[in-house]
1. crowded, with 16+ Cβ neighbours inside 10 Å, in a loop (DSSP other than H, G, I, E, B) and not β-branched (V, I, T), is that true of G555?
2. Mind checking which pairs have a first residue in segment 589-602 that is farther than 15 Å from K315 by Cα and a second that is open to solvent by 40 Å² or more (accessible area, probe 1.4 Å) and basic (K, R), Cβ under 8 Å, 6 or more apart or different chains?
3. Which numbered condition trips up Q349, out of (1) open to solvent by 10 Å² or more (accessible area, probe 1.4 Å); (2) touching a residue at least 24 places away in the same chain (Cβ under 8 Å); (3) within 21 Å of I580 (Cα to Cα)?
4. Go through segment 452-473 and count every residue that is farther than 20 Å from N320 by Cα and out of contact with any Leu (no Cβ under 8 Å at 6 or more places or on another chain).
5. Quick one: is E621 of a type in the set (D, E, K, R) and either assigned to a helix (DSSP H, G or I) or surrounded by 15 or more Cβ atoms within 10 Å (Cβ to Cβ) (or both)?
6. Looking at A439, A410 in this structure, which one is out of contact with any strand residue (DSSP E or B) (no Cβ under 9 Å at 6 or more places or on another chain) and under 23 Å from F292 (Cβ atoms)?
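The values are calculated or read from the model by the stated rules, or taken from the named source; none is laboratory data. Fair warning: this is a prediction, and the values are worked out from it, not measured in the lab. All Cβ positions, glycine included, derive from the backbone under ideal geometry; neighbour counts span all protein chains shown. Please note that ligands, DNA and RNA were not included when accessible areas were found on the heavy atoms of the full protein model with its side chains. Shrake-Rupley method; radii C 1.70, N 1.55, O 1.52, S 1.80 Å.
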Amino acid sequence: MKNESETEISERICSIEQEIEKLKKNSPYIQEHEAALQKLADNMSLLVSSDEDLMSRYQDNLLAFKKYHPQIYKFFKDYIPKKYIVDATDGFVNAINVETGQPFYPYPSLLSTQLQFDNFTLSPNIKKFNFNFLSENEAEFIHVDYLDSMLALLPKKNDEEAKKARSATNQLSSLIIFGVGTGYHLEMFARNYNIACLYIIEPDLDLFFLSLFSINWQFVLNTFDKKGCQLHISLGPQEESFFDDVMKKSAMNGRYQMANIAGYIHYQSNELDKLLSEFNRRYLEMGQGWGFFDDAVMAIGHTLGNIKNKVPLLKKCAVNNSEYSHLPVFIVGNGPSLDESIDTIKALQDNAIIISCGTALSALYKYGIKPDFHCEQERTFPVAEKVELSCPLEFLDNIVLLAPTTVHPAVFSMFKRSIMAAKANEPSSSLLLRDKVGAKLFKAYHFLNPTVANTALVMGYNLGFKSFYLFGIDLGHKQGSHHHSKKSMYYNEDEKDLDLYPVETAKLIEVDGNFGGNFICDSFFYQSNSALSHQILAFDDLHCFNLSDGAAIKGSVPMKVNLLEGTLDKNLHIDKAEVIDKVSQDSGYVDNDILFERLVTDLDYQYFDDVCQRLITLNIEPVNNFSEATALLLNNTVVMEALTEHAHSLLIGTIMHMQVVLTQLLYGSANIDIAVENFNKGMVFYCQFIAKAANYYKDNAEHPHYIKDCQWIEKLKNSK
């Protein structure tokens, strides 16, 4: 007992010493912080608030919300806080924690907020989309030349103008505020900044309730409204929906506004930390997956070519093929963990349907496993060359290709049987679905991209299969480990990396592992992961088991590979030839040329030409000032939203990319005159692109697109 007591005393002394050291380290900061607060207080009279004052302000604020945000008024007019009570200490409004008795603000709330706001104005925390110059335009896309010319106008990162612009202007394209509390910072932003789009996030309803007693919401809401600010207020717990909600709202406002977004963190909490972490992790998604005009025209040319070539189109009724719903389906990706699970796949290959994904085909061929279905997803011609280099062409016999309609006709021609699916948010799909036959028989599928794993799961489910087992769908890799299966085309015979897959270390994201631990991935794989989760969670009859030693996928059930043999029904006899025959017959529609001819007629070149002329007329005259420039960007978004779905999906990708650069030109200089001048220069290239687009559409919409010399393919060939 004596030794135990001495140990406790020793530990307590050690703990006290550590606490003293911590206080010593923090002491200069605390003293500096308190000195700054005192300096502010010396120049400001205290805000004395009686109970009557507080209630009067509360009633006035409720009326303000009744006018501007009725749903917030309805929620808070009878609200009773649970965690905090409103209090006025030393003349400043504060919140007192009912359990601990501690104030939410350790220092006077207004003074603390003023100091925080002043620090923001000196050095705003701004995130940007960074589009890179395309040094080699192998595909001869027209958008590349004009977008590169616009990018060349941007100030360099270390230019004096770029440095000054962060703090020397009161103009913000977008601002996201994490935390409201007493809300004094909202008054300060309303008074001092012009903000095109503002997102206010407060997960704690009690703390938002506090702001109803402290600030003048009538002034805040009215000021932002008069300045033309698009204001969005998100309240309450929102961890699961937060980022998707911001994505939806930014799409309504014009996603380009998120290209130059400032962040303001009012206080620290677990809830806000999670939201902030999610925002930082997924921010780049807002600038990805938009596509380009040339991609959109290519999609039409490929879809029409595939329909003309009699490639079967997936019918929307195929999802009800209950005859196959009990069959296990292995979706095999090319992640690093494929090598560890290959023996299990080989042992059970006769007891399940196998779908290979993209470059996993090369690994499966080397391992001696023949898939029943194979998926491709990218639309450019080099995909055909990649498949050709993956395995001998005779290996493709009896394998059914599953792919979006946008995939190059040359890829479909390599397989004796294929099924293609219309992809959501593509002009080729809007063209198909506005046809009377198309609307009746087909649908456009979401979550088919960005990776081939997404295509495999969505098309597999909509063919009638319902039970899926994921192998090698790692969507990431461990720090310092290989990024794909060592048997795939990314490595040579000696398993040496051929540098065909560039890894940008600075942009890697850390994610939770399927079996624990951490993995790293880029935003592309993170997006794929999110799309897989959405597909799995959207359907109660979709059952997904993840056997990959990679990133965790929400909605899927982690399963160790060594447990599968005891789970799968080995007595299940699958006549694969019969299943493939039935799936092909029941699921696909083959055109008799009538649909093809109607779609070609419906390309409506004249309407598209009129749209381009309208956009040129809108943008041809230079703007005179900053407000005219922001209004013009918004007017372009309004015009785009009024177009037919087909014309909109043709142009929107490149226009959003260009709007991003125009926004960054506008907000990238501390000198407003220089900013407006650069904006006008950028608009010249914008109009030149629109003028070129009208003719490009006519010349290319009915033809597949070819790339003559792809550096990636040449590098792969040379490695053989």
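1. Working: crowded, with 16+ Cβ neighbours inside 10 Å: yes; in a loop (DSSP other than H, G, I, E, B): yes; not β-branched (V, I, T): yes.
Taking the combined requirement at face value, the residue satisfies it.
2. D593/K308; F596/K308; D602/R434
3. (2)
4. 1
5. Values: of a type in the set (D, E, K, R): yes; either assigned to a helix (DSSP H, G or I) or surrounded by 15 or more Cβ atoms within 10 Å (Cβ to Cβ) (or both): no.
Against the criterion (of a type in the set (D, E, K, R) and either assigned to a helix (DSSP H, G or I) or surrounded by 15 or more Cβ atoms within 10 Å (Cβ to Cβ) (or both)), E621 does not qualify.
6. On the way: A439 fails: under 23 Å from F292 (Cβ atoms).
Only one candidate passes the filter, namely A410.
A quick yes/no check of all residues on (1) over 19 Å from the mean Cα position of the chain (by Cα); (2) surrounded by fewer than 17 Cβ atoms within 10 Å (Cβ to Cβ); (3) of a type in the set (S, T, N, Q):
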residue: S523; (1), (2), (3): no, no, yes
residue: Y526; (1), (2), (3): no, no, no
residue: A531; (1), (2), (3): no, no, no
residue: H534; (1), (2), (3): no, yes, no
residue: D540; (1), (2), (3): yes, yes, no
residue: N546; (1), (2), (3): yes, no, yes
residue: G550; (1), (2), (3): yes, no, no
residue: M559; (1), (2), (3): yes, no, no
residue: T567; (1), (2), (3): yes, yes, yes
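Rundown of residues vs (1) assigned to a helix (DSSP H, G or I); (2) in contact with a Ser or Thr (Cβ under 9 Å, 6 or more places away or on another chain); (3) modelled with pLDDT under 90, yes/no style:
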residue	(1), (2), (3)
L633	yes, yes, no
A670	no, yes, yes
M683	yes, no, no
D699	yes, no, no
H703	no, no, no
K708	no, no, yes
L716	yes, no, yes
